[in-house]
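Below: one structure, written as structure tokens.
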Amino acid sequence: MGSSSSSRNKIPNAQELMRQTGFSSAHLLRLHDRFESLDRDNRGYLSPDDFEALGGLAMNPIGGRIIEAFFSSGQDTVDFSSFVRILAHFRPTDRNRNKEGTQQELPSSRTRKLKFAFQLYDLDRDGKISREELLQVLRAMLGLQVTEEQLQSIAERAIQEADLDKDDAISFDEFKKSLEKMDIDTKMSVSFLK
Amino acid sequence: MAASWGFTLFLCVLLMVCRGLSLAGEDPDQTLSSSGQVKALNPEIDNALSSNHGTTGEGGHAVEPITTLPIVSWKWHHVTTPYLVALWILVSWLCKLVIEANHHVTSVIPESALLICFGFILGGMIWAADKVQTFRLTPTVFFFYLLPQVILDAGYHMPNKLFFTNLGGILVHAVIGTCWNAASLGLSLWGCQMGGAMGDLDIGLLQYLLFGSLMAAVDPVAVIAVFEQVHVNDVLFIMVFGESLLNDGVTVVLFNVFDAFVSLGGPKIDAAEIIKGIVSFFVVAFGGSLVGLVFGLLISLLTRCTKNIQIIEPGFIFVLGYLSYLTAEMLSLSAILSIVFCGMCCQKYINANMDENSVQTVRYAMKAFANGSETIIFVFLGISAIDKVIWVWNTGFILLTLLFVLVYRFIGVFFLTWILNRYRLVPLEFVDQVIMSYGGLRGAVAYGLAVMLDENKIKEKNLMVCTTLIVVYFTVILQGITMKPLVMWLKVKRAAVTEVSLLEKLTNKMFNHTLVAIEDISGQIGHNYMRSKWKYFEENWMSWILMKPSARKKQDQVFDVFHQLNLKDAMEYVTEGERRGSLEFVRNENSIIDFKKKSESESFDINNANMSNDHGAIRDPIPSVSLEMHEQIMKAVREAEAINAHHLLDQHLYKSRKQHRHRFSRSHFDINRDEKEVQEIFQRTMRNRLKSFTSAKMGVKPPKTIVKHTQKEQQQKMPNGKSMDKAKTSYSGDEGSEGDSASGYDQSYMRATYRAGAGIENPAFMPDLDPMDLLQIPPWLGESELDSSMVALSHRAQVDLPRTPSNLRRLAPLRISTRSTDSFTLENIPDTQQMDSDQLQPPPPPPRPPRDDGYV
């Protein structure tokens, strides 16, 4: 335990991060190690290239989008605290903390998870998933299995299903509503190693 | 209520008849020949058959010299066994029928409990009549004929992803939990006996352990029956259900090991034997699963090439599934595991490989078999109870067993879940654990094993059987009844009624990719990573080998949901059309055009919005789901649903003379699509038109039909034309020009196109024929047409009559043109035209005639 508290000092404002993200210190330490191994030049931040160097991510059909999500604020670097904050979306939702209700909403809450997913669709960040954006996702994920017309009719139909105000796009509220029954907690959580 | 009593009476009568028959047929040496003691329900059919065969072979008329030619003779022996089997199946199912007729009862008491109670009654009747229990559930029948059906169904319909996600937890519960149950129950009972709680019983430690091992397993049949009606959340269900399926391997091994130990006797058991026992566990469990996998792959491979024998295609799944069960049994591996894995492994590939109809057949037949044999199992569990021989009462033993079974189940589940929860992503909640423990139902498997005990080695076999039965009744009836209230009371998360939505599926898929990416980024190999690797392997290798090339393309989940949704819509579309009295709007291209405009008119949009959310909107005069559906069809003409809709349509629209032919054919189930017949339809139509045309020209009073149809068309055109004008004027020209262009060379032109064979099977083609055909048009269609014609006559008479040649010239060709040209090509025109105005609208795919037509 002594070693972990000493190495915790390496991480800038660890307490603050733990409070904001809900990660335990063991998690933070592990992620910090990972961060450093990704940051090959020891610059203290990651650039998109660092992510792209990951083999698995390059093969992932929506890998590009996920990388983008890390650089959402417009910068082209990400430091450790924002790195952790993004990853924190994928923690399982803690029920106890939410019940207390006094704290701010953690990134792992249902709404924040959904927001994250929504942003993966919403490339131009106008708060709406347009037909074109949906098509792009579809194209990336269904790929060659389906013809273009089929993709289009799928996109069309998906929009129609969710689109309540008939503006031919899915807003976040509509998105949230149409995924109401989905078990987001299990479907968008990763068990982070300690 | 009266009805149900009537049914019960009927059942009694049936039973009496059945018993009477069996008595009448009671033949001393036959009773002896089959199994010595009481005659069981269908003793091994082979046996029975051979013995029957024997009697008929030598007997029949040969026994007594023929004095006269018998016209009819009473040959009960000839049919005894199959007759009884069939009769019992009938009786069991009738029980179910009676039970299901009373919904207020089944909502409180689960069906399985009621079936057992019915079994009591039936057993009582037999007992009262025979003074000995003539029928009971024998291990052979249960394990060889009844159980495989239920388990195959369970495996085949297993939600694979859910199962493998929770596999760790399931295995821990199935293996460790079952061992714990067996050991704790055996040891505690033994301890209690040592303490003198049960009086004088001749049971040793090993026998207690044997008893514990047969009591340990949670029964899949009982679990399915009870949990099916409760609808708890998916994770909870799969935990209980998966455990109940997989722990069979453990039970069988434990049972066999202890059985062997009991025969060996205590002193001969040394470490080597124990180690052998443990090894045999792994061999039995994994070997069984492996056999199942092999057979699953075999089925998948087979279905790749069964295209030409579609009718018996579904049979392969059943036969091979059963063979996998028997093979595992033959190799003394776990048969249940084998058939479970067989079902799980092949499900994906056969669904992709086989024709949609065959898939449906498999699904239904599987359910029918499983449900049927489940019913029989429960009824016979009840019947078996009414037997004086097995009732050996020992209050201490029975009550203690009940108590221990319940208590140790709770302890085991809570302890194991506590450990598991430290590693689980989403921990199981307390209430879930309560339900899991409480859902530890014992059932027919335990009873079957208990009956299999050897009386010579285990003196107290009957006590054990009796205790097993009591535990089974206690868990199935009492726990089954209280399960629902408990679930309500604890507010266990229930399964959400899922309405498949595309966006949800899509997002789901995206989540999968996202999670893999996140695991990549955070540098850990979690199960998302493993799953993606497996998927990669599966897509690249397994599917390649096991799936037909044509099926491979369509296997995407999102696409699948899309397909399903469209199919559903197509069904609703047709139903709705029929409800409205006619499918007229399908045939009329104008209306389609109009529907396509829907996005531009407010009212339609509102309709659609309503429609997607609630089904109350079906009452709307215009079925907007259907309309929307039509748009979908038009856009994805290639999709099967278009074919499906058309299939339904032309089934309804034209009934040909030869339509019955397919019923006699065993291998062709297609609706008759003879080319000649189509020719005939065409010719009849054309003759008709020609007649009406000339008669009109001559000034002869036109036949009724013409008037009717013109009127109808006008009716339809009116609103459409209006909205079309409003929306786009250039559009309405389309039809007119069509008519004009066709007007010059109407008939010859048409006939020529026709011979070319284009659009023959088009349902838009049929309707206006001679009045005789009205008889063959389905009733709803016929009625409405008649109706409209009634109105038409009076109405039309006032407005205008198409008798002036100019008028006629326009009308007749127009009608021909709209009726007889292939609707696909016609629709194509509007589509492309619409493109101009609506940029967002994608170009429609090139139209293609339905694929499943008769001629190649």
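Here are the numbers:
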| quantity | calculated |
| --- | --- |
| Residues of region A:123-143 that turn out to be part of a loop (DSSP other than H, G, I, E, B), at pLDDT 80 or above and closer than 22 Å to residue B:512 by Cα, as a count | 0 |
| Subset tally (residues that are within 7 Å of another protein chain (Cβ to nearest Cβ) and of a type in the set (Val, Ile, Thr)) for region A:171-194 | 2 |
| All helices (runs of 4 or more DSSP H) inside region B:489-569 with 3 or more residues being within 24 Å of residue A:92 (Cα to Cα), at pLDDT below 80 and at the interface with chain A (Cβ under 9 Å from one of its Cβ atoms) | B:502-521, B:527-537 |
| Test: residue in region A:144-152 that is touching a Ser or Thr at 6+ places or on another chain (Cβ under 8 Å), within 9 Å of chain B (Cβ to nearest Cβ) and modelled with pLDDT of 80 or more | no |
| Checklist (1) surrounded by fewer than 16 Cβ atoms within 10 Å (Cβ to Cβ); (2) at the interface with chain B (Cβ under 8 Å from one of its Cβ atoms); (3) farther than 29 Å from residue B:493 by Cα applied to residue A:138, failing item | (1) |
| Any hit, region B:390-399, residues being over 21 Å from residue B:165 (Cβ atoms), buried (at least 17 other Cβ atoms within 10 Å of the Cβ) and at pLDDT 90 or above | no |
| Filter result for residue B:457 (surrounded by 15 or more Cβ atoms within 10 Å (Cβ to Cβ) and basic (Lys, Arg)) | no |
| Scan of region A:40-57 for residues that are out of contact with any Gly (no Cβ under 9 Å at 6 or more places or on another chain) and either among the small types (Gly, Ala, Ser) or crowded, with 18+ Cβ neighbours inside 10 Å (or both), ordered by number | A:44, A:46, A:47, A:50, A:53, A:55 |
| Hey, residue B:416 within 30 Å of residue A:188 (Cβ to Cβ), within 14 Å of another protein chain (Cβ to nearest Cβ) and surrounded by fewer than 23 Cβ atoms within 10 Å (Cβ to Cβ) or not | no |
| Test set (1) part of a helix (DSSP H, G or I); (2) surrounded by fewer than 21 Cβ atoms within 10 Å (Cβ to Cβ); (3) under 28 Å from the mean Cα position of the chain (by Cα) - residue B:431 fails condition number | (3) |
| Count of residues meeting criterion [touching a residue at least 24 places away in the same chain (Cβ under 8 Å), of a type in the set (A, V, I, L, M) and surrounded by fewer than 17 Cβ atoms within 10 Å (Cβ to Cβ)] in region B:419-428 | 2 |
| Selection within region B:403-413 - of a type in the set (Phe, Trp, Tyr) and surrounded by 17 or more Cβ atoms within 10 Å (Cβ to Cβ) | B:404, B:408 |
| Filter result (modelled with pLDDT of 90 or more and more than 17 Å from the chain's Cα centre (by Cα)) within region B:341-380 | B:341, B:342, B:376, B:377, B:378, B:379, B:380 |
| Meets criteria (within 15 Å of the chain's Cα centre (by Cα), closer than 27 Å to residue B:521 by Cα and either surrounded by fewer than 20 Cβ atoms within 10 Å (Cβ to Cβ) or facing chain B (nearest Cβ under 9 Å) (or both)) for residue A:124 | no |
| Qualifying residue in region B:171-190 (condition: surrounded by fewer than 18 Cβ atoms within 10 Å (Cβ to Cβ) and polar (S, T, N, Q)) | no |
| Spans of helices (runs of 4 or more DSSP H) in region B:203-265 with at least 1 residues within 30 Å of residue A:183 (Cβ to Cβ), within 14 Å of chain A (Cβ to nearest Cβ) and at pLDDT 85 or above | B:234-264 |
| Filtered residues of region A:80-121 (kept if over 13 Å from the mean Cα position of the chain (by Cα) and either basic (Lys, Arg) or at pLDDT 80 or above (or both)) | A:80, A:81, A:95, A:97, A:99 |
| Filtered residues of region A:165-194 (kept if touching a Phe, Trp or Tyr at 6+ places or on another chain (Cβ under 9 Å) and of a type in the set (Lys, Arg)) | A:176, A:187 |
| Of all residues in region B:455-482 being in a loop (DSSP other than H, G, I, E, B) and free of Cβ contacts under 8 Å to residues at least 60 places away in the same chain, the one that is nearest to the chain's Cα centre (by Cα) | B:455 |
| Qualifying residue in region B:460-479 (condition: out of contact with any helix residue (DSSP H, G or I) (no Cβ under 6 Å at 6 or more places or on another chain), at the interface with another protein chain (Cβ under 10 Å from one of its Cβ atoms) and on the phi < 0 side of the Ramachandran plot) | no |
| Lone unmet requirement of (1) aliphatic (A, V, I, L, M); (2) surrounded by fewer than 18 Cβ atoms within 10 Å (Cβ to Cβ); (3) in contact (Cβ under 8 Å) with a residue 60 or more places away in the chain; (4) part of a helix (DSSP H, G or I) for residue B:197 | (4) |
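The values are calculated or read from the model by the stated rules, or taken from the named source; none is laboratory data. The model shown is predicted, which means the values in this text are computed figures rather than measured ones. Every residue, glycine among them, receives a Cβ derived from its backbone with ideal geometry; neighbour counts consider all protein chains shown.
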